[in-house]
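Undergrad: Sending over a structure as structure tokens; questions will come in a sec.
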Amino acid sequence: ASRGIGRALAQRLAAEGAKVVVTARSLETAGKFEGTLKETVALIEEKGGVAYPLVADLEKDSDLDTLVARAVELLGGLDILIHSGGKAEYAPTLDMPQDMFDRTIGHYIRAPFKLVQKAAPEMKKRGAGWIVVLGSVTAQPPMRPYDEWAIHGGNTVYSAIKAGVHRMTQGLAAELFPDNIAVNTLAPSTAIRTP
């Protein structure tokens, strides 16, 4: 939530009265990108909202395994989980390094899987909840005739994994329906420029 879509979602929820826990890899550093978690909290608080920063790296199991419990400890419960973290990396399939492939699966399938396993029991305790996982319109098949992006853009693996996100979300919606937990995918349909 230090920038981009994650920040915008946190700001919107806080503006509607939600107390939000915002996460990113670090509190005060942005590396080569603009935006920090500390800035997100300040922006929310300037508008009268309530935000708590929790540093978490979604590539680390130790952070994935403890993030929900840390958020529950801060707020006393959990009503909504939004997974919008990730880093889109593109390369033609035949040229994609294994570590890039593994990171893509980790960001978009493994991380929400582990977070949902921790969050859903907390929501069940409260009798309801809402889980949102960021998908992508790229999960749709490329249109014919193929354009330059489809041929050379290198998004085949990313798009396939986003299609998996959509299907996982649909299945979770069915599984968690009896527990009054809604599950949705938010799939931006146009390019959103984020660092």
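The values are calculated or read from the model by the stated rules, or taken from the named source; none is laboratory data. The structure presented is a predicted model; accordingly, all values stated were derived computationally and were not measured. Note: ideal-geometry Cβ built from the backbone for every residue, glycine included; neighbour counts use all protein chains shown. Protein only, heavy atoms only, side chains kept; ligands, DNA and RNA dropped before computing areas. Shrake-Rupley method; radii C 1.70, N 1.55, O 1.52, S 1.80 Å.
Undergrad: Along the charge dipole of region 83-173, Cβ charges K/R +1 and D/E -1, which of 107, 119, 133 sits furthest on the positive end?
TA: Farthest along the dipole direction, towards plus: 119.
Undergrad: How big is the charge dipole of region 77-116 about its Cα centre, in debye rounded to the nearest 20, if each Lys and Arg gets +1 on its Cβ and each Asp and Glu gets -1 on its Cβ?
TA: It works out to roughly 120 debye.
Undergrad: Next up: Tell me the carbon and sulfur percent of the accessible area for the chain, rounded to whole percent, probe radius 1.4 Å.
TA: 55
Undergrad: How big is the accessible area of residue 25 in square angstrom, nearest 10, if you roll a 1.4 angstrom probe over the protein chains?
TA: 130
Undergrad: Turning to a different aspect of this structure: Specify the longest stretch of the chain that does not include any exposed loop site, a site being one of the chymotrypsin sites (Phe, Trp or Tyr not before Pro) with a non-H, G, I, E, B DSSP assignment and at most 14 other Cβ atoms within 10 Å.
TA: 34-145
Undergrad: With an 8 Å Cα cut-off and a minimum separation of 6 or more residues, compute the relative contact order for region 126-184 in percent.
TA: Result for region 126-184 is 54 percent.
Undergrad: Something else now. Per residue, how large is the accessible surface of the chain? Use a 1.4 angstrom probe and give square angstrom.
TA: Dividing the accessible area of the chain by its residue count gives 58 Å².
Undergrad: Roughly speaking, what % of Cα-Cα pairs in the chain are separated by over 25 Å, rounded to a whole number?
TA: It works out to 38 percent of all Cα pairs.
Undergrad: Right, next: If each of residue 137 and residue 27 carries a label point 7 Å out from its Cα toward its Cβ, how far apart are those two points in nm?
TA: Taking the two extended label points, one gets 3.9 nm.
Undergrad: Follow-up question, since we're still on this one. What is the dipole size for region 101-195, taken about its Cα centre, with +1 at each Lys and Arg Cβ and -1 at each Asp and Glu Cβ, in debye to the nearest 20?
TA: So the magnitude is around 300 debye.
Undergrad: Pairs of Cα atoms under 8 Å, at least six residues apart: use those to get the relative contact order of region 45-195, whole percent.
TA: Computed over region 45-195, the figure is 27 percent.
Undergrad: Roughly how many Å² of residue 118 are accessible to a 1.4 Å probe, to the nearest 10?
TA: My reading of the accessible area for residue 118 is about 90 Å².
Undergrad: Mind checking which of 84, 62, 159 has the largest fluctuation in a GNM of the chain, springs on alpha carbons under 10 Å?
TA: Among 84, 62, 159, the largest GNM mean-square fluctuation belongs to 62.
Undergrad: Of the options 91, 78, 68, report the single residue whose Cα projects farthest towards the positive end of the charge dipole of region 57-100 (beta-carbon charges: Lys, Arg +1; Asp, Glu -1).
TA: My answer, from the dipole projection, is 78.
Undergrad: With springs only between Cα atoms under 10 Å, which of 128, 160, 150 fluctuates most in a Gaussian network model of the chain?
TA: So, out of 128, 160, 150, the one fluctuating most is 150.
Undergrad: Something else now. Roughly how big is region 17-103's charge dipole about its Cα centre, with Cβ charges of +1 (Lys, Arg) and -1 (Asp, Glu), in debye to the nearest 20?
TA: 260
Undergrad: Still on this structure: Calculate for the chain the 222 nm mean residue ellipticity that helices alone would give, adding -39,500 (n - 2.57) per DSSP H run of length 4 or more and normalising by residue count, nearest 500 deg cm²/dmol.
TA: -14000 deg cm²/dmol
Undergrad: I would also like to ask the following. How many nm separate the modelled label positions at residue 182 and residue 66, each set 7 Å beyond the Cα in the direction of the Cβ?
TA: The modelled label-to-label distance comes out at 3.3 nm.
Undergrad: With a cut-off of at most 14 other beta carbons within 10 Å, and DSSP calling the residue loop, which GluC sites (Glu not before Pro) in region 9-98 qualify? Please list them.
TA: Within region 9-98, the qualifying GluC sites (Glu not before Pro) (loop, at most 14 other Cβ atoms within 10 Å) are 16, 28, 34.
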